[in-house]
Amino acid sequence: MSDKEKVKEFIRKKYADIALKDSQGCGCGSDAGCCGGTLINLEKVSLDLGYSKDELGKVPPGANMGLGCGNPIAVAGLKEGETVLDLGSGGGFDCFLAREQVGETGYVIGVDMTPEMVKMARKNAEKSGYKNVEFRLGEIEHLPVADASVDVIISNCVINLSPEKEKVFREMYRVLKPGGRLSISDIVATAKLPDNIKQDLAMIAACIGGAEFVEDIKKMLADAGFINIRLTPLENSRQILQAWAPGTKLEEYVASYIIEASKG
């Protein structure tokens with residue numbers, strides 16, 4: 001098994017464990033891996049990430065797993081009738097918020113590489129009677145989505161987990177329609193990560209070890225063909241990271257960013 005496959009298998013197992021535990025309290029950046037272990041106040045975590053109480057009340061119970069590092073929906077500018085793709089959709093939290101904004105004439109697709117997560121999300125959708133959302137099993141480096149079929153791509157604290165980010169960005173470009181756009185919340189490196197963090201599978205799975213510098217992400221997006229590239233740090237990024245792992249000073253190495261771009 002290659003190093004890249006080892007990383008994927010480690011992360012897949014962590015997500016499977018979370019899903020099997022029915023998402024009872026977990027948060028990105030915990031020392032148990034992305035994103036599990038420490039019991040947290042899901043409502044407080046979600047409010048800190050930029051979600052509203054109204055939004056939290058509109059999703060099926062169990063869909064909010066506290067796994068994000070921001071709120072990509074807040075800046076996506078979703079419109080009725082659009083097709084939205086969520087990379088690393090987990091229990092379906094952002095998908096369920098997106099489906100309401102795009103309405104019955106729109107459609108939302110969630111993709112996740114963990115069977116247990118996909119099963120949980122499908123169960124949440126079926127219980128709620130949602131007809132304009134579906135969940136597909138697949139890797140974000142090899143999206144099970146047709147060419148030029150998506151208006152908007154969202155993702156929340158997932159791309160940093162991929163050991164092949166260039167492939168992810170190329171796949172995003174492939175599936176977007178001309179004029180389509182990205183609205184992504186992710187962890188970005190702001191200082192050189194120590195080797196012991198970059199090589200630690202638990203830290204990679206905790207959304208830290210695989211973070212890339214802003215300029216590197218911009219280059220990868222541009223190389224994939226994207227234009228109008230913008231990376232913006234969250235104002236409360238330091239507080240978010242301090243809450244993940246108090247006393248570790250992770251905020252000195254990484255930050256939570258919103259990543260935006262469009263396909264010409």
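The values are calculated or read from the model by the stated rules, or taken from the named source; none is laboratory data. Keep in mind that what you see is a predicted model, and the values were worked out from it rather than measured. Here Cβ is always computed from backbone atoms with ideal geometry, including for glycine, and neighbour counts include all displayed protein chains.
Are there any helices (runs of 4 or more DSSP H) wholly within the range 107-213 with 2 or more residues that are of a type in the set (V, I, T), and if so which?
On the way: elements: 115-128, 165-175, 195-198, 201-205.
Counting at least 2 such residues, we get 165-175.
A quick yes/no check of all residues on (1) out of contact with any strand residue (DSSP E or B) (no Cβ under 9 Å at 6 or more places or on another chain); (2) closer than 28 Å to A146 by Cβ; (3) part of a loop (DSSP other than H, G, I, E, B):
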site: A63; (1), (2), (3): yes, yes, yes
site: L67; (1), (2), (3): no, yes, yes
site: N71; (1), (2), (3): no, yes, yes
site: G81; (1), (2), (3): no, yes, yes
site: D86; (1), (2), (3): no, yes, no
site: C95; (1), (2), (3): no, yes, no
site: E104; (1), (2), (3): yes, yes, yes
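In the range 173-203, what residues are out of contact with any helix residue (DSSP H, G or I) (no Cβ under 6 Å at 6 or more places or on another chain) and of a type in the set (V, I, T)? Across the range 173-203, the qualifying residues are V175, I184, T190. Filtered by the rule that a residue be modelled with pLDDT of 85 or more, in contact with a Ser or Thr (Cβ under 7 Å, 6 or more places away or on another chain) and closer than 22 Å to R238 by Cα, the range 65-94 gives G68, C69, G70, N71, P72, V75. In the range 79-105, of all residues being under 30 Å from I11 (Cα atoms) and touching a Leu at 6+ places or on another chain (Cβ under 7 Å), the one that is surrounded by the fewest Cβ atoms within 10 Å (Cβ to Cβ) corresponds to V84.
Conditions tested, residue by residue: (1) among the basic types (K, R); (2) surrounded by fewer than 17 Cβ atoms within 10 Å (Cβ to Cβ); (3) in contact with a Pro (Cβ under 7 Å, 6 or more places away or on another chain); (4) free of Cβ contacts under 8 Å to residues at least 60 places away in the same chain.
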site: S162; (1), (2), (3), (4): no, no, no, yes
site: F169; (1), (2), (3), (4): no, no, no, yes
site: L176; (1), (2), (3), (4): no, no, no, no
site: G179; (1), (2), (3), (4): no, yes, no, no
site: L182; (1), (2), (3), (4): no, no, no, no
site: D195; (1), (2), (3), (4): no, yes, no, yes
site: D200; (1), (2), (3), (4): no, yes, no, yes
site: I208; (1), (2), (3), (4): no, no, no, no
